[in-house]
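For reference, the structure is listed below as structure tokens.
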Amino acid sequence: MGFGLSILLHLIFLFIVSSIIAFFSLIITYFISSPEKKKRKLILSIFIPFHIFFSFYIFVFIGSVFISEIKKVDIGIGDSWYAPIDESYQILMIDLPEQAYIECDGKSILSDVSEIQQIEKKVFCKTYNEKYYSINLIEKKLTEYQNIEELKKAENFSKPNLIKVEEFYHKRKWQISGSATIIIGILSLITSILTAIIIYKFIVYGKILGLKK
């Protein structure tokens, strides 16, 4: 799914959810609000849900872009996924999240990776053609093996535990950017709610277009 289409689907989903909540908010406000400034309150009961959901989405999106640039991970939208393995290497998936590339300094060194395991400064990979590879992250050395037994013998690899590349990607991304993502989400939610409260208080109790309350 392309980046633009992903954004569009997100916005459509937010619009539907906001509309449903705004509908019930309007009904509740109509019956429980006092006659004073009731018209303003009814308008706000429709506007506020849209403001909270869409502003939250915008704040999270902007924060995710900053995280992506700083942490070198994707923002979770579109048809490409990537996360660093170390300072030079990264795992990259395009279109098919179950099939990965390994890049070193921006250049692809291994493709069609289906399973992967990292042990400190070594990475072990299995490809779709049933070949195995080891990558020495320090020496930047790629070694090919014909089967798992050959890999285990050469690398003294007694307990292989290779996992699907998609699972490895999610774990690696969470290790790198998980805490920052949570912080961005919390700050975005707080900001959206606070701005909604400010807008409500200003419109209901403040001045609008120079008119007194």
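Quick note: the coordinates plus some simple rules give every number you see, no bench work behind them. Computed from a predicted model, the values in this text were never measured in an experiment. So basically every Cβ, Gly included, is an ideal-geometry build from the backbone, and we count neighbours across all protein chains shown.
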Inset, instruction - Using only Cα atoms, figure out Rg for the stretch 28-69 and give it as a multiple of 2.2 N^0.38 Å. - result: 1.76
Legend entry - Nearest-0.05 FRET efficiency for Ile183 and Glu87, computed from C-beta distance (R0 22 Å): 0.40
Inset, instruction - For the stretch 1-124, just the Cα atoms, rotate onto the principal axes and tell me the three extents in Å, largest first. - result: 70, 24, 23
Legend entry - Helix 38-71 axis, angle to the chain major axis (alpha carbon atoms, nearest 10°): 20 degrees
Inset, instruction - For Lys41, go through the lysines and keep the ones whose alpha-carbon is under 30 Å away, minus same-chain ones fewer than eight residues off. - result: Lys201, Lys207, Lys212, Lys213
Inset, instruction - Determine the dipole magnitude for the chain: charges of +1 sit on the beta-carbon of Lys and Arg, -1 on that of Asp and Glu, nothing else is charged, the reference point is the Cα centre, and the result goes in debye to the nearest 20. - result: 1800 debye
Legend entry - Among the listed pairs Lys122/Lys173; Lys72/Lys153; Lys107/Lys159, those beyond 26 Å (Cα-Cα): Lys72/Lys153; Lys107/Lys159
Inset, instruction - Report, in cubic angstrom per residue, the convex hull volume of the C-alpha atoms of the chain. - result: 148 Å³
Legend entry - Residues listed by number, the stretch 82-111, amide nitrogen under 18 Å from Asn129 label point at 7 Å toward C-beta: 99-103, 108-111
Legend entry - For the chain, with +1 on Lys and Arg beta carbons and -1 on Asp and Glu, the positive-most of Pro97, Ile52, Pro160 along the dipole: Ile52
Legend entry - Within the chain, helix-based [θ] at 222 nm, where runs of 4 or more DSSP H residues each add -39,500 (n - 2.57), nearest 500: -19000 deg cm²/dmol
Inset, instruction - Give the relative contact order (percent, whole number) for the stretch 54-111; include only Cα pairs under 8 Å separated by 6+ residues. - result: 18 percent
Inset, instruction - Could you calculate the contour length gain from Ser108 to Thr195, that is, 0.36 nm times the residue separation minus the distance between their Cα atoms, to one decimal place in nm? - result: 26.8 nm
